[in-house]
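Written out below as structure tokens is the structure these notes cover.
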Amino acid sequence: IDKMNIASPWKSDMQASRYLATKIMDIIPQVVPAVMEGMSFLKELARIGAQAGHPLSWELPTGLHPQNKYMKTKLRKIKTRLDGKYSVSYLQEPTQTLSPRRQTQTLPANFTHSYDACLLMHTVATLDSQVDSFSMIHDSYGTHAEDLPKLSSQVRESAKEIFAPNNILTKVRYSLVEAIGSDEGIPLAPTNGKLDLDNLKTSSYFFH
């Protein structure tokens, strides 16, 4: 904006980022309402689990079992004496009680990121005999230019294999039902939509 000699209405990049984030959150329910439905479902599971004293866990296709476990904390005062002067600091120590607020806030993101990691692992493991150089950070995939077509194709195949068999949200619900010993009061997972995962093969923007 500055290079175009247009005055910015925001005092800082942080203010501009917050404005953009607000607009994105306003439009998501209109463009992809299922995302909001899934997030609300996971938050409700986290709330129920926290009240019952059970952290949420689920099994990934890779065999890993992530656990969403955030405990309430208490402040511990630490006094330090150095050169005749006292310094006071505080340390947050976890208690033995789950934090409903933190459980609810963190589960949707952690669940999503666990499947991001699952997709990454599956893609690399499948390509291991064909591609020997990877640059992978969470949901950012890279390799040498000559191998990009293979990576692009495999990440789509891996996604289809991971997400096609069943409703992945049911895994979290099942783990909670199993932990509590009853499904009373635990909502059913949202049903799968009509997305045809075969279309991932020709999607320009699934991974670009």
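Numbers for the structure displayed
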{"read-out": "Residues (within 21 Å of Asn68 (Cβ to Cβ) and in contact (Cβ under 8 Å) with a residue 60 or more places away in the chain) located in region 107-138", "value": "Leu107, Pro108, Phe111"}
{"read-out": "Residue under evaluation Ala16, criteria (1) modelled with pLDDT under 90; (2) surrounded by 13 or more Cβ atoms within 10 Å (Cβ to Cβ); (3) outside any helix (DSSP H, G or I), criterion not met", "value": "(3)"}
{"read-out": "Leading residue by the ranking (surrounded by the most Cβ atoms within 10 Å (Cβ to Cβ)) among those in region 124-139 that are among the β-branched types (Val, Ile, Thr) and not in a loop (DSSP other than H, G, I, E, B)", "value": "Val124"}
{"read-out": "Pair list, Cβ under 6 Å, 6 or more apart: region 182-201 residue without any contact (Cβ under 8 Å) to a residue 40 or more places away in the chain and basic (Lys, Arg), other residue loosely packed, with under 10 Cβ neighbours inside 10 Å and part of a loop (DSSP other than H, G, I, E, B)", "value": "none"}
{"read-out": "Within region 93-112, tally of residues that are assigned to a strand (DSSP E or B) and surrounded by 10 or more Cβ atoms within 10 Å (Cβ to Cβ)", "value": "5"}
{"read-out": "From the options Thr62, Thr143, Thr73, residue that is out of contact with any Phe, Trp or Tyr (no Cβ under 7 Å at 6 or more places or on another chain), among the hydroxyl-bearing types (Ser, Thr, Tyr) and either surrounded by fewer than 12 Cβ atoms within 10 Å (Cβ to Cβ) or within 21 Å of Phe206 (Cβ to Cβ) (or both)", "value": "Thr62"}
{"read-out": "Count of region 180-189 residues which are exposed (fewer than 15 other Cβ atoms within 10 Å of the Cβ) and either in a helix (DSSP H, G or I) or within 20 Å of the chain's Cα centre (by Cα) (or both)", "value": "0"}
{"read-out": "Odd one out for Tyr174, checked against (1) within 12 Å of Trp58 (Cβ to Cβ); (2) more than 21 Å from the chain's Cα centre (by Cα)", "value": "(2)"}
{"read-out": "Some residue of region 36-53 being aromatic (Phe, Trp, Tyr) and surrounded by 11 or more Cβ atoms within 10 Å (Cβ to Cβ)", "value": "yes"}
{"read-out": "Filter pass, Tyr141 being in contact with a helix residue (DSSP H, G or I) (Cβ under 9 Å, 6 or more places away or on another chain), touching a residue at least 60 places away in the same chain (Cβ under 8 Å) and farther than 28 Å from Thr191 by Cβ", "value": "yes"}
{"read-out": "Matching option when the condition is of a type in the set (Ser, Thr, Tyr) and within 21 Å of Met36 (Cα to Cα), among Ser135, Ser114, Ser87, Ser99", "value": "Ser114"}
{"read-out": "Ile28, sole failed condition from (1) under 22 Å from Pro187 (Cα atoms); (2) open to solvent by less than 80 Å² (accessible area, probe 1.4 Å); (3) part of a helix (DSSP H, G or I)", "value": "(1)"}
{"read-out": "Condition check for Met121: modelled with pLDDT of 90 or more and open to solvent by 40 Å² or more (accessible area, probe 1.4 Å)", "value": "yes"}
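Table: residues versus (1) at negative phi; (2) at pLDDT 95 or above.
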| residue | (1), (2) |
| --- | --- |
| Lys43 | yes, yes |
| Thr62 | yes, no |
| Thr73 | yes, no |
| Gly84 | no, no |
| Val88 | yes, no |
| Gln92 | yes, no |
| Gln103 | yes, yes |
| Thr126 | yes, no |
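The values are calculated or read from the model by the stated rules, or taken from the named source; none is laboratory data. These figures come from a predicted structure and were not determined experimentally. Methodologically, a virtual Cβ is constructed for each residue, glycine included, from the backbone with ideal geometry; neighbour enumeration extends over all protein chains shown. All accessible areas refer to the heavy atoms of the entire protein, side chains included, with ligands and DNA or RNA removed. Shrake-Rupley method; radii C 1.70, N 1.55, O 1.52, S 1.80 Å.
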